[in-house]
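Here the structure comes first, spelled out in structure tokens, and everything after it is commentary.
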Amino acid sequence: MDAINGLFYGLAVAFEAQHLLLLAAGCILGTLIGVLPGIGPVGAISILLPLTFQLPPAGAIIFLAGIYNGAMYGGSTTSILINVPGEAASVVTCLDGHQMAKKGQAGQALGIAVFGSFIAGTVGLVGLQLLAVPLSTLALKFGPPEYFAIILAGFTFIVYLAQRSMIKAALMALVGVAVSLVGLDPITAQQRMTFGNIHLFEGISVVPLAIGLFGLAEVLVNLEKTHPVKILRVKIRDMFPGKKQWLQSRYAILRGTLIGFFLGILPGGGPVMSTFIAYGVEKRVSKNPGTFGCGAIEGVAAPESANNAAASTSFIPLLTLGIPPNVVLAVLLGAFLIHGITPGPLMVVEHPQIFWGVVASMYLGNVILVVLNLPLIPLWIQVLRIPDQLLYPMIILFCLVGAYSVSNSVFDIGVMLLFGVAGYLMKKFDFEAAPLVLGFVLGPMLEVNLRRSLLMSQGSFSIFVDRPLAAGALVICLILIALPLVRRLLRTRQS
Amino acid sequence: MDIRNLIGGSVCFALAAFVVLQAQAMGIGTLYNPQAGFMPGLVGGLILLFSFILITQALRARNRRVRLSDVWDTTGWKKCLLVAVSLALYAIVVSPLGYLAATFLLMAFLLLINRIRWWAALVGAAGLSVSTWGLFYVLLKTPLPHGAWGF
């Protein structure tokens, strides 16, 4: 099925009443989660995953993808109105969005954020639609050495693009791999680090781990603070950007879209990283860089476009190679597996209903989010008035039920609590949780493909050099490792 | 000295040492026939290396000193500890007490430590436990723990 026919087929799936309702529910819930500070899309998808257990796989994934896209849209509202980012991809929007709101331009800031997101998200989806089939066809030719080299390149990107220390990011990714090794050995079925506990034979599930690291840990960190929400009293008007605003932000939207498009595909990139880079690029190319931080509309348009483009294109490696490029997609991979679907090159052939249904529903989701978001902004402002004392116990309760429901096991509540406390301490000690989850998800794939490659080559590493694609991916790894070392050397010489 | 990285690096070092020992016990195998301990050994070795680098960096960080008090600069951690302990107790009692009773107790406790009035905390706890029971057990057919009373 080609891209055009696939899209029409997907639209037929997405327009089924149940799927349409699930999509709308996912978009609204996602926006709500994006609006509420303290819990991001990773925690939200993990916590709400049990709601999908009774649904057919297509409906479940459409619902979860709706949550992801909704969170990307909703995060800007709190950034602009209260200067508190609803989730990590909206941190940069605070800088100029809130300044615009202070100047009485809240409506314009919210409007350009929504329309920029719509344009960028749609462009990202066109890329997903057009690239998916050729990439899937190409991926069918990959063997274990290619997969190993690509996943290793993914790890290197995760470390290279780390928001803080690269050493710490590498450590966290490796700890994630180590945790993923708990359970039965995938080739010999020997027990590994299970301590004879029957609950550990199948390994640790990604859902309680992610709920702990991103749901419970966030709540624990927020419990420490007492920050009464001060909502700016602004009149939300003129939300449709005028000619002047469009002219000012057109290139910012274009550049943000392109940056998000490519960073979304790269492992370790994703929406958060793309917003910082898009903002930095915009400031650098601006004729008036001094206006940034004081309410420049380009400072809202670029990051908001970037995070939505990245959110769309990050589905490309997951759906075509089965490799999640960021932590949200890693949890979504877990959701796919729970529903009995293995994303990868065969997905477009074996599960066209889910593949094209998800792509088409994301197009529809973009429209739904524009239509719903602007009129519902007054409602989101009211939601922000829910006191933390009520909100956090509610989130904790959903964390508990979410962790329990994956395998109806109290043991998973313990796992969630363990990783919740670990995540809290990691935040205190300035260690990122995202590389750990990505390492945890990619670890088993890395191991199986490495061992299969070594078995194929009878222990020779030349198998990774003889095959062009594997060799290319390893060269990328080497360049990424060498770059910071060369930069450091040059800096030392200069000083 | 950067105490955060020193502690973080040391914890990772200890974890890696455990993984390497486990890998040895499992059997690492050879390159042409890797065994169950192959990957744990490789990963454990890399964690040892990176945590050693982090510890060294932390000890040599003279121009940016980070003390433990910089990490624990708030008093809110006591509340976090209370929440963590209450969740651990919840995990222990939820099977014998059942979902409704255990959740009611946990929610009442969490609302009370957040300075909600006692009657509001009790009403809120009852509302939250019953509504989530209705959503997950009745509507979504999740087999929540029943306890001795059957609910």
Residue among A:Ser274, A:Tyr73, A:Pro393 farthest towards the positive dipole end of the stretch A:3-494, charges placed on Cβ
A:Ser274
With label points built 7 Å along Cα→Cβ from the Cα atoms of A:Met1 and B:Leu59, find their separation and express it in nm.
6.1
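Suppose R0 equals 60 Å. What FRET efficiency, 1/(1 + (r/R0)^6) with r the Cβ-Cβ distance, do A:Ser409 and A:Leu485 give to the nearest 0.05? Provide the component values of the computation, followed by the final result.
Details: r = 46 Å, r/R0 = 0.76.
The computed FRET efficiency comes out at 0.85.
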Once the convex hull of the alpha carbons of the protein assembly as shown is built, what does its volume come to per residue, in cubic angstrom?
160
Expected integer from the mean partner chain Cβ neighbour count at 10 Å over B:92-105 is 1
How far apart, in nanometres, would the label points at A:Gln382 and A:His199 be if each is projected 7 angstrom from Cα along the Cα-to-Cβ direction?
4.1
Over all directions, how big on average is the projection of the convex hull of the alpha-carbon atoms in the stretch A:378-495, in square nanometres?
15.2
With at most 13 other Cβ atoms within 10 Å, longest stretch of chain B clear of loop trypsin sites (Lys or Arg not before Pro) (DSSP)
B:1-61
Between A:Thr492 and A:Leu425, what length comes free when the chain is fully extended (0.36 nm per residue of separation minus the Cα-Cα distance, one decimal in nm)?
20.8 nm
For the stretch A:340-411 and the stretch B:91-118, write down the distance between their C-alpha centroids in whole Å.
27
Kyte-Doolittle mean at least 0.0 and Cα extent at least 18 Å along the axis: which DSSP H helices of chain A qualify?
A:17-35, A:57-82, A:106-139, A:144-160, A:166-180, A:243-265, A:270-285, A:352-383, A:388-405, A:410-428, A:434-456, A:468-494
With the charge dipole of the stretch A:3-494 built from beta-carbon charges (+1 for Lys and Arg, -1 for Asp and Glu) about the Cα centre, the Cα from A:Met362, A:Met456, A:Gly143 projecting farthest to the positive end belongs to A:Met362
Loop by DSSP (not H, G, I, E, B), at most 16 other beta-carbon atoms within 10 Å: where is the longest site-free stretch of chain A for trypsin sites (Lys or Arg not before Pro)?
A:386-495
Taking each residue in A:388-400, count the Cβ atoms of any other chain within 10 Å of its Cβ, then average. What number comes out?
6
Could you order peptides A:12-21, A:62-71 by the average number of other Cβ atoms within 10 Å of their residues, highest first?
A:62-71, A:12-21
Would you mind working out the magnitude of the charge dipole of the stretch A:29-185 relative to its Cα centre, with +1 at each Lys and Arg C-beta and -1 at each Asp and Glu C-beta, to the nearest 20 Debye?
300
Pair-distance profile P(r), taking every C-alpha pair of chain B, with 5 angstrom steps and integer %:
2, 9, 11, 10, 9, 8, 8, 10, 14, 11, 6, 2, 0, 0
At a Cα cut-off below 17 Å, give the lysines reachable from A:Lys428, other chains included and same-chain residues fewer than 8 away excluded.
A:Lys168, A:Lys225, B:Lys78, B:Lys79
Cross-link partners among aspartates and glutamates for A:Lys244, C-alpha distance below 19 Å, same-chain residues fewer than 8 apart left out?
A:Asp96, A:Glu282, A:Glu298, A:Glu304
What number, in percent, do you get for the relative contact order of the stretch A:3-494 if the mean sequence gap of Cα pairs under 8 Å and at least 6 apart is divided by its residue count?
28
Inter-chain Cβ neighbour average for residues B:18-28, partner chain, 10 Å:
3
Just from its helices, what would the mean residue ellipticity at 222 nm be for the protein assembly as shown, if runs of 4 or more DSSP H residues each count -39500 (n - 2.57) and the sum is divided by every residue, rounded to the nearest 500 deg cm²/dmol?
-23500 deg cm²/dmol
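All of the numbers you see were taken from the coordinates with simple rules; none came from a lab. As the structure is a computational prediction, the values presented were derived from the model and not from experiment. Cβ coordinates were reconstructed from backbone atoms using ideal geometry, including for glycine residues, and neighbour counts include every protein chain displayed.
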